[in-house]
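For reference, the structure is listed below as structure tokens.
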Amino acid sequence: MQKPIIENTLKIRALIFDMDGTMFNNMMIHHRAWQKKLSELGLELTLEEVKRDIHGVNEEIIKRLFGDRFNEAERRQIAWDKEAAYREIYADKIKLLPGLQAFLDQAKELKIPMGIGTAAPKENAEFAIEALELDTYFKTVVHSDMVQRGKPDPQVFEMVSTDLDIPLTESLVFEDSPTGAKAAANGVSKSVILTTTHTPEEFETIGNIQHFMQDYEQVELADVGKGWFELRF
């Protein structure tokens, strides 16, 4: 990890990561997989429309787009097919964003509680954690199969904070999407945004955002005592 130029600091007690677009830059693969699957179902969307409109839990997306055309079992199967195609495409391409491995190593050394809160299904979360050998870094992983309400509801982050035994208000959420940033804000958590998928202008109306960054190369952590840590960027 390159030595960052420190301009700002932020005190936190725990780190919570979204997964897709936040830990690795895979959102365009998701967008194209969705575009192909929706086309098969008779709905033609541009990539920009997919980027703008397709977010959240898969079954909720299908319900939102198609209403009652598909029953619950059919929505699950459509979601499964789309995600299986994504995993097949991405299997030999998956890698952490620049600087993230060193950042996670530093956080682990400092014993900072860390968790993942993702809208991805269980299979995708397990696929990524296994492929990148991340299981020893995170105390908890909450995925879409575990929640009743998808982002921008803060439930997924609230569940992570409960597992970490750290209040969400004292945690820092790393996100890449406006929907995820809204979920963090709705949980009264501060957030840092990775600009892998969206521009800062798309977050103008969302509160509690502390910083925008392309990757993790220019951030570092420090122990400031009594269970508190400092993010420096």
Among residues of the range 34-56 being closer than 16 Å to P178 by Cβ and of a type in the set (V, I, T), the residue surrounded by the fewest Cβ atoms within 10 Å (Cβ to Cβ) is I54
In the set L47, L38, L97, L43, the lone residue that is within 30 Å of Y216 (Cβ to Cβ), out of contact with any Asp or Glu (no Cβ under 6 Å at 6 or more places or on another chain) and aliphatic (A, V, I, L, M) is L47
Out of (1) in contact with a Lys or Arg (Cβ under 8 Å, 6 or more places away or on another chain); (2) surrounded by fewer than 19 Cβ atoms within 10 Å (Cβ to Cβ); (3) assigned to a helix (DSSP H, G or I), the one A184 does not meet is (2)
Point to revise | Boolean, D165 is more than 14 Å from the chain's Cα centre (by Cα), at pLDDT below 95 and surrounded by fewer than 20 Cβ atoms within 10 Å (Cβ to Cβ) | key: no
Picked from the range 63-111 (must be within 24 Å of N26 (Cβ to Cβ) and among the small types (G, A, S)), the residue surrounded by the fewest Cβ atoms within 10 Å (Cβ to Cβ) is A91
| query | Restricting attention to the range 20-33, does a residue exist that is surrounded by 15 or more Cβ atoms within 10 Å (Cβ to Cβ), assigned by TED's automatic domain parsing to the domain that holds V141 and charged (D, E, K, R)? | reply | yes
Conditions (1) at pLDDT below 90; (2) aromatic (F, W, Y); (3) farther than 24 Å from P152 by Cα -> F103 fails only (1)
Query raised in the report: surrounded by fewer than 20 Cβ atoms within 10 Å (Cβ to Cβ), in a strand (DSSP E or B) and not aromatic (F, W, Y) - does that describe any residue in the range 138-157?
Result: yes
Within the range 139-167, the count of residues that are hydrophobic (A, V, I, L, M, F, W, C) and without any contact (Cβ under 8 Å) to a residue 40 or more places away in the chain comes to 4
For helices (runs of 4 or more DSSP H) lying entirely in the range 21-122, having 3 or more residues that are under 22 Å from D163 (Cβ atoms) picks out 100-109
Practice problem: Report yes if T169 is farther than 19 Å from I12 by Cα and among the β-branched types (V, I, T), otherwise no. | Solution: no
The residue from R76, R87 that alone is in contact with a helix residue (DSSP H, G or I) (Cβ under 8 Å, 6 or more places away or on another chain), in contact (Cβ under 8 Å) with a residue 12 or more places away in the chain and over 30 Å from E217 (Cβ atoms) is R76
Flagged in the range 192-213 as in contact with a strand residue (DSSP E or B) (Cβ under 7 Å, 6 or more places away or on another chain) and either in a loop (DSSP other than H, G, I, E, B) or not assigned by TED's automatic domain parsing to the domain that holds F174 (or both), in numbering order, are T195, N208
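The values are calculated or read from the model by the stated rules, or taken from the named source; none is laboratory data. Being a predicted model, the structure only gives us computed values, none of them experimental. Heads up, the Cβs are rebuilt from the backbone with ideal geometry, glycines too, and the neighbour counts pull from every protein chain shown.
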